[in-house]
Amino acid sequence: MTSLPLDPSSIRALFPAFAEPSLSSQAFFENAGGSYTAQATLDILDRYYRTTKVQPYGVYAASEAAGRAMDHAYERLARALNVSTDWIHIGPSSSANTYVLGNAFAAWLKPGDAIVVTNQDHEANTGNWRRLAARGIEVREWQVDTETARLSLEALDGLLDERVKLVAAPHCSNIVGDINPIADIATRAHAVGAVLAVDGVSYAPHGLPDLTALGADIYFFSAYKTYGPHQGVMAIRPDLARALPNQGHYFNDTKLRYRLTPAGPDHAQIAATAGIVDYLEQVAALAHVSIEGIDPCRRAHAAMRAQEIALAAPLLDYLRTRNDIRLIGPSDPQSRAPTISVLANEPGIDIARRLAKHGVMASGGNFYAVRLLEALGIDPVNHGVLRLSFVHYTTPQEIQQLIRALDAEL
């Protein structure tokens, strides 16, 4: 493997999990289900619970400090995503956030309007929208190619017209791993007057994107999959957020952050989401990449992607030699996230159980992408896929550990 832009030992020193004796020698390949938490996040969480675990935004010192810590998190996330602070909403999870959004759009859209959803996405960014059919909204499905599992822009073009008011698509699938061209999708959606809602849950762990460059109107991801606490971060274009019907208490109608997150999540965890950005800045400082004069979060993004591409190459090379399994999605590490799913002759979870004997932590199943597996001819309940997902803190040695385990158990 060529030299890496990030030194694994320096990166792993920023995570308590890698110093935990019970996890020693265990190679973590289930990051798509949730990453390890960075020390920067834990420091804020600990400090908040110790010193400011009171009702925030009050008139006494501890309460004022609690509110400032929360405001700081909104500001940090906005800067990392290259949007203004009023874009940022934090709810209990991405699934809960999109459920609330679905209810808001149900009252905003009119019978006869149309929306486009995919069968490549996690159910959170397709099922909640499909329920709008009961309100007289036409639901059009952007279908994957059943051989490649990829979405084509040409197929999207065939679904778009002036009746379409919303397009919902993943930045990348939590099974396919293919990185979809969000900026191109945004251009097409906006050309017909539609809003674009992007599921970034499976992309954000590999680098927070520049939302201004992407052009998405809604972008959401899970903080606990991006080295933070268990929260759902949702960025929404402010004028759209104001136009959607209020989903919170009626007397909070003028408070933008309260309108689409009716069940306020843990205050301490909101504050701790700032630790995600603190961590990304640490990554940027450690990066050896030939990029000068850019924002630390963009630098971290570039380094993380380069690291993961280098790590994925030998694994994908190995999988291409196995004629007895099916790789789901592209085999080119440049065009995909390192969320790598394979179909074998037995249920994915059974293979994962055997891999555990080799110190490999992975999983199998449908991962809430039931519609995708059905489209690919895979039984989502009794068979599923084996999913091997990693991020930039994975080491070359762990990749080889995984390959040896696959050799022994597949």
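Counting every pair of alpha carbons in region 142-224, the share spaced more than 21 Å apart comes to 26 percent.
Taken as Cα centroids, region 85-108 and region 113-156 sit 18 Å apart, rounded to the nearest whole angstrom.
Size descriptors for region 1-96, from the alpha-carbon set: Rg then Dmax equal 17.5, 57 Å.
Between E147 and A213, the FRET efficiency estimated from the beta carbon spacing at R0 = 45 angstrom works out to 0.90.
How big is D for region 339-410, in µm² s⁻¹ as a whole number, if Stokes-Einstein is applied with the Kirkwood radius of its Cα pairs at 10 °C and 1.306 mPa s? For these conditions, the coefficient is 127 µm²/s.
Put simply, the amide H of I340, placed in the peptide plane, has neighbours under 5 Å in L388, S389, F390, leaving out anything fewer than 5 places away on its chain. Label-to-label distance for Q26 and Q400 is 2.3 nm, based on points extended 7 Å past Cα in the beta-carbon direction. The distance between label points at E162 and D46 comes to 6.1 nm (points 7 Å beyond Cα on the Cα→Cβ vector).
Using the Cβ of V201 as centre and a radius below 12 Å, the other residues enclosed give a net charge of -2, where K and R count +1 and D and E count -1. Put simply, the amide H of L196, placed in the peptide plane, has neighbours under 5 Å in V167, D217, I218, leaving out anything fewer than 5 places away on its chain.
As a ratio to 2.2 N^0.38 Å, the alpha-carbon radius of gyration for region 306-376 is 1.15.
Does the chain come out rounded, prolate or oblate, given a ≥ b ≥ c as the square roots of the eigenvalues of its C-alpha gyration tensor, rounded meaning a/c under 1.5 and, failing that, prolate meaning a/b above b/c? Taking the square roots of the gyration eigenvalues as a ≥ b ≥ c, the chain is oblate. Once region 39-86 is represented by equal point scatterers at the alpha-carbon sites, with solvent omitted, what log10 I(q)/I(0) does the Debye formula produce at q = 0.19, 0.22, 0.31 Å⁻¹? The Debye formula, applied to the Cα set alone, gives -0.65, -0.79, -1.03. Summarising the label geometry, the points placed 7 Å from Cα in the beta-carbon direction at R322 and D71 lie 5.3 nm from one another. Counting only other residues whose beta carbon sits under 11 Å from that of H122, what net charge do I get with K and R as +1, D and E as -1? Summing Lys/Arg as +1 and Asp/Glu as -1 gives -2. Our helix-only sum for the chain, with -39,500 (n - 2.57) per DSSP H run of n ≥ 4 divided by its residues, gives a mean residue ellipticity at 222 nm of -11500 deg cm²/dmol. At full extension, R79 and K53 could sit 6.8 nm farther apart than now, given 0.36 nm per residue minus the alpha carbon distance. Full extension of the chain between E154 and S9 gives 47.8 nm of extra length, using 0.36 nm per residue less the Cα-Cα distance.
The ellipsoid equivalent to the alpha-carbon distribution of region 164-308 has semi-axes of 27, 21, 13 angstrom, derived from the gyration tensor eigenvalues as √(5λ) and listed largest first. Basic side chains Lys and Arg get +1 at the Cβ, acidic Asp and Glu get -1 at the Cβ, and with that the dipole of the chain about its Cα centre reaches some 740 debye. Couplings 3J(HN,Hα) of region 295-307, computed from phi: 4, x, 5, 5, 5, 4, 4, 4, 5, 5, 5, 4, 4 Hz, in residue order, whole Hz [Karplus 6.51 cos²θ - 1.76 cosθ + 1.60, θ = phi - 60°; x for Gly and Pro]. Under Stokes-Einstein, with the Kirkwood radius over Cα pairs as Rh, the value for region 105-247 at 37 °C and 0.692 mPa s is 213 µm²/s.
Heavy-atom accessible surface of the chain, averaged per residue, reaches 39 Å², computed with a 1.4 Å probe.
In order along region 245-256, the phi-based Karplus estimate (6.51 cos²θ - 1.76 cosθ + 1.60, θ = phi - 60°) of 3J(HN,Hα) comes to x, 4, 9, x, 4, 4, 7, 9, 4, 8, 9, 4 Hz; Gly and Pro are listed as x.
Expressed as a fraction of 2.2 N^0.38 Å, the C-alpha radius of gyration for region 70-146 is 1.34.
Rounded to the nearest 0.05, the FRET efficiency derived from the C-beta distance between H249 and A107 at R0 = 25 Å is 0.95.
Reducing region 70-84 and region 173-192 to their Cα centroids gives an inter-centroid distance of 24 Å. Backbone phi angles across region 119-131, fed through the Karplus curve with coefficients 6.51, -1.76 and 1.60 (θ = phi - 60°), yield HN-Hα couplings of 9, 9, 7, 4, 4, 4, 10, 9, x, 5, 6, 4, 4 Hz in residue order; Gly and Pro are listed as x. Where a Cα-Cα gap under 16 Å defines reach, which aspartates and glutamates qualify for K165, not counting those fewer than 8 residues away within the same chain? Partners found: D113, E138, E141, D157, D217, D239.
The values are calculated or read from the model by the stated rules, or taken from the named source; none is laboratory data. Keep in mind that this is a model prediction, so the values were computed, not measured. FYI the Cβ positions are ideal-geometry reconstructions off the backbone, even for glycines, and counts take in every protein chain you see. Accessible surface areas use protein heavy atoms only, side chains included; no ligands, DNA or RNA. Shrake-Rupley method; radii C 1.70, N 1.55, O 1.52, S 1.80 Å.
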